[in-house]
1. Residues of region 269-280 being open to solvent by less than 60 Å² (accessible area, probe 1.4 Å) and at pLDDT below 95, which ones?
2. Given the structure, is ILE153 in contact with a helix residue (DSSP H, G or I) (Cβ under 8 Å, 6 or more places away or on another chain) and modelled with pLDDT under 90?
3. State yes or no: is GLU287 open to solvent by 20 Å² or more (accessible area, probe 1.4 Å), touching a Ser or Thr at 6+ places or on another chain (Cβ under 7 Å) and either touching a residue at least 12 places away in the same chain (Cβ under 8 Å) or not basic (Lys, Arg) (or both)?
4. Go through (1) open to solvent by 60 Å² or more (accessible area, probe 1.4 Å); (2) without any contact (Cβ under 8 Å) to a residue 12 or more places away in the chain for PRO79 and report which single condition fails.
5. How about region 211-242: which of its residues are in a loop (DSSP other than H, G, I, E, B) and polar (S, T, N, Q)?
6. Go through region 216-254 and give me each residue that's open to solvent by 60 Å² or more (accessible area, probe 1.4 Å), farther than 18 Å from ASP154 by Cα and out of contact with any Pro (no Cβ under 6 Å at 6 or more places or on another chain).
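The values are calculated or read from the model by the stated rules, or taken from the named source; none is laboratory data. Only a predicted model underlies this, so the values are computations on that prediction, with no experimental measurement involved. Glycine gets a Cβ as well: all are built from the backbone with ideal geometry, and neighbour counts include every protein chain shown. With ligands, DNA and RNA removed, areas are computed over all heavy atoms of the protein, side chains included. Shrake-Rupley method; radii C 1.70, N 1.55, O 1.52, S 1.80 Å.
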Amino acid sequence: MPQLRLSDRCWDVAPASNLLDGLLAAGVPVPYSCRAGSCQACLVRCVAGEPHDAKPDALDMARREQGWCLACQCSVIEPLQLEVFDPTRDAMPAQIQALDWLSERVVRLRLLPQHPMRYRAGQHLLLWTADGIARPYSLASLPCEDAWLEFHIDCGRPGAFCDSVRQLQVGASLRLGALSGASLHYDPDWQEKPLWLLGAGTGLAPLWAVLREALRQDHQGPIRVVHVAGTPAEHYLADALQGIASRHPQVQVELIETAALPAFLGNLRPASRQTVALLCGGPQTVEALSRRLYLAGLPRSQLFSDLFLPHA
């Protein structure tokens, strides 16, 4: 049976067993969120040996060359010597600059990283609390305009990370883990095309950044922004979106309540086959929007989506 070695500990696991399961069963506190290779919370480093990695391209080449992998996507086929991701050693500290409630359930968190960080509008970043809780959140900030990193965190449901967020204070620190995500972005080749940004809940956060990036690059085609939320009060960026629409005639904003979503979907038809659609939010809403757009004739190559998966 293959063995796992971590520091001065060594134990056997079943052949071809999942690496994350093998670590958790031994009491190693590896954080995880989605178990799908998206959140990148379960980073471990293979010092010796090599697992079978089902998603080697989930990490960039630099990290793969350093031996990092996602434990949830790896199977143990030979002995491995491991190091777990240590946020105090491997993550960048960032100071909390602002904490604002944008609605009864959404907190806007702004962080100032210790060093400037290169990222693109629409990507997401792993946030670590001081007590070792890690969760991925989409960036709502624009790298060329905002000095801070901005996140919109839904605290409407109980959860370990959200409970920690409620206790945070301006001036305190969090740590920044892996940066990932490339589905939601703005391509200059889209400049003349209709651009649709459809978000549910805090799935609006990365689309807010993409919208501002498109306008920064002088997007010429029409832009349609749709936000789906449970109640009118949950359209937490309504005023900001309407402000952008008043300054940019090509921007159209629609605020849809969840109860009205079926009727909205029934009438959803792209006016042009050149339309590019970016979708973000919970799986049920994103999949319904994606399915409707595809059935309405929009090619899959022009549909870009990012799912907010629940904690596994």
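1. Within region 269-280, PRO270, SER272 meet the criteria.
2. No, not satisfied.
3. No: the conditions fail for GLU287.
4. (2)
5. GLN217, GLN220, THR231, listed by residue number.
6. Answer for region 216-254, where residues must be open to solvent by 60 Å² or more (accessible area, probe 1.4 Å), farther than 18 Å from ASP154 by Cα and out of contact with any Pro (no Cβ under 6 Å at 6 or more places or on another chain): ARG216, ASP218, GLN220, ASP239, GLN242, SER246, ARG247, PRO249, GLN252.
Okay, residues lined up against (1) in contact with a Pro (Cβ under 8 Å, 6 or more places away or on another chain); (2) at pLDDT 95 or above; (3) buried (at least 17 other Cβ atoms within 10 Å of the Cβ):
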| residue | (1), (2), (3) |
| --- | --- |
| THR88 | no, no, no |
| PRO93 | yes, yes, no |
| LEU126 | yes, no, yes |
| THR129 | no, no, yes |
| GLY132 | yes, no, no |
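Residue by residue, here is whether (1) modelled with pLDDT of 95 or more; (2) at negative phi; (3) among the β-branched types (Val, Ile, Thr) holds:
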{"site": "ARG5", "(1), (2), (3)": "yes, yes, no"}
{"site": "ASP12", "(1), (2), (3)": "yes, yes, no"}
{"site": "LEU19", "(1), (2), (3)": "yes, yes, no"}
{"site": "VAL28", "(1), (2), (3)": "no, yes, yes"}
{"site": "SER33", "(1), (2), (3)": "no, yes, no"}
{"site": "ALA36", "(1), (2), (3)": "no, yes, no"}
{"site": "GLN40", "(1), (2), (3)": "no, no, no"}
{"site": "GLU50", "(1), (2), (3)": "no, yes, no"}
